[in-house]
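To start, the structure under review is shown below, and the notes come after it.
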């Protein structure tokens, strides 16, 4: 299969382009993976941490509303506090449901919070608030600072555990993203260096082959210009330079044949036949005409010599007769 120089160059740059596309594709894939993990971290960890912080705020508001309920003597304010407590309980349940729906990695911590919150609200609703409604402020405060406080500490600890778990998960995700980014960067850098080295290597090999072939062709052409027909071309390739070398070899062979014809003619052999390569072979046609003309000239010389020989014989015979008559 003959590959021209243009084809070789296009193949070299094509390989470089393909490697560049490959590096770009890998980079895009890695960037997409990092972006996907970042989205997951945002939706699962950062949003989860925000929801857990909302739980902390709402549970603290519950404690504050319970204390307000205990300390206020006004029944209307107590009713308002209970309405607020009901709304906060609903908000806490909704926040916990959102946490469960958004992430399944911290289900254990969520279950612990749910259990702690159930125990707390049961004590609040069965001990503290009934005592406060009955006007038993000291008993309500005792329950508030006693059993209810102990149970609320469990709620606080479970919320803190949930936040810590989500923070740890977010840190691990961030570390994975950083590691993926670093590995992708190293791969892209290595692949880019490899692509550049490969393209430069192929270009260097191609340039060396072209230069070596061109130098041999130039050397042979210069030798032919000096009349040296002993030139040899060792170049063999399937490109334009190889075709040029083949043409130069044909020219050397042709000139050697014509030199042999000239040598044969110089030695006096005019029977040699010259076959021009084409109707445009000026050199061959000129040799053909020259040998034809030399043959014609030799025939004319031979005929002239024969005439002269006959005339000389006749003159010699007449001279002999004259000499004999005189005697």
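The values are calculated or read from the model by the stated rules, or taken from the named source; none is laboratory data. In this text the structure is predicted, and so the values were computed from the model without any measurement. When we count neighbours, we look across all protein chains shown, and the Cβ atoms used for this are built from the backbone with ideal geometry, even at glycine.
Tell me which residues, restricted to the range 137-157, are within 60 Å of the chain's Cα centre (by Cα) and surrounded by fewer than 21 Cβ atoms within 10 Å (Cβ to Cβ).
153, 154, 156, 157
Tell me, please, whether a residue that is within 30 Å of residue 258 (Cβ to Cβ) and either touching a helix residue (DSSP H, G or I) at 6+ places or on another chain (Cβ under 7 Å) or assigned to a helix (DSSP H, G or I) (or both) can be found in the range 197-212.
yes
What are the residues in the range 41-76 that are modelled with pLDDT under 70 and surrounded by fewer than 13 Cβ atoms within 10 Å (Cβ to Cβ), if any?
43
Looking at the range 96-136, which of its residues are over 53 Å from the mean Cα position of the chain (by Cα) and not in a helix (DSSP H, G or I)?
134, 135, 136
Specify which of the listed residues (271, 253, 309, 313) is closer than 27 Å to residue 222 by Cα and either in a helix (DSSP H, G or I) or modelled with pLDDT under 80 (or both).
The conditions single out 253.
Listed here are the residues, each with its yes/no results for (1) under 30 Å from residue 259 (Cβ atoms); (2) modelled with pLDDT under 80.
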site	(1), (2)
190	no, no
216	yes, no
222	yes, no
240	yes, yes
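Inspect the range 80-94 for any residue being farther than 27 Å from residue 47 by Cα and surrounded by 19 or more Cβ atoms within 10 Å (Cβ to Cβ) and give the result as yes or no.
Scanning the range 80-94 turns up at least one residue that is farther than 27 Å from residue 47 by Cα and surrounded by 19 or more Cβ atoms within 10 Å (Cβ to Cβ).
When both residues are 6+ apart or on different chains and their Cβ atoms are under 6 Å apart, which pairs have a first residue that lies in the range 54-77 and is farther than 21 Å from residue 146 by Cα, and a second that is surrounded by 15 or more Cβ atoms within 10 Å (Cβ to Cβ)?
Within 6 Å, the pairs are 54/95; 55/95; 55/159.
If only one of 192, 167, 178 is exposed (fewer than 12 other Cβ atoms within 10 Å of the Cβ), assigned to a helix (DSSP H, G or I) and assigned by TED's automatic domain parsing to the domain that holds residue 58, which one is it?
178
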